[in-house]
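Quick notes on the structure that follows.
The values are calculated or read from the model by the stated rules, or taken from the named source; none is laboratory data. All of these numbers come straight from a predicted model, not from anything done at the bench. Here the Cβ positions follow ideal geometry from the backbone for every residue, glycine too, while neighbour counts run over all protein chains shown.
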Amino acid sequence: MLGAIAGSHERPETFLRYSVKCDRVMASRIETAAKKAGLSVNAFVQQHFDAILDPKASPQGQGEGGAVAFSSKAFNPLEFSRRYRVSVPAARVWAALAGHVDADGLARVSLLQLGRDAGVDGSYPQRLIAALVEAGRVEIVKNPVRGQPGTYRIKWEA
């Protein structure tokens, strides 16, 4: 019987599933934290283990010299857009800004470059930044001026 189950019709597993033992109090704390983060419990726990096992894969972490490190691989624009009630293109602009953050915690980038990085055209990045400012995810330190990049401060996810 086991041979039939593991026969040629079974597709190879890409991921393995693990169980974690915890008491009711811990389970309740995990559920509360996941809800606060706007994630499913499974996604929350996965994100936690990703951060433990590979700190570079964490959406935010300390990089060299105290700079905030950002991994676009770990960033989920759909989850971000749902959590902060912004559009998916706005979430991609936030991620593009986060990718430009320097050791001072500021992103200095032109709207043209930001549009390229986020995959949006024209003056759209400026409108998306305005939506992110309204959602409390970005602060404009210095508005972009013709030929000069803007300076932005990212509000990192809690």
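Of all residues in the stretch 127-148, those that are farther than 16 Å from Arg108 by Cα and exposed (fewer than 12 other Cβ atoms within 10 Å of the Cβ) total 1. Checked against (1) among the polar types (S, T, N, Q); (2) at pLDDT below 75; (3) under 30 Å from Ala130 (Cβ atoms); (4) under 14 Å from the mean Cα position of the chain (by Cα), Asn76 passes all but a single condition, namely (2). Scanning the stretch 40-73 for residues that are at pLDDT 55 or above, loosely packed, with under 15 Cβ neighbours inside 10 Å, small (Gly, Ala, Ser) and in a helix (DSSP H, G or I) gives a single hit, Ala43. The C-beta contact set for the stretch 72-101 (first residue free of Cβ contacts under 8 Å to residues at least 12 places away in the same chain, second residue in a helix (DSSP H, G or I) and among the small types (Gly, Ala, Ser), distance under 6 angstrom, 6+ apart or interchain) comprises Ser81/Ala91; Val88/Ser81.
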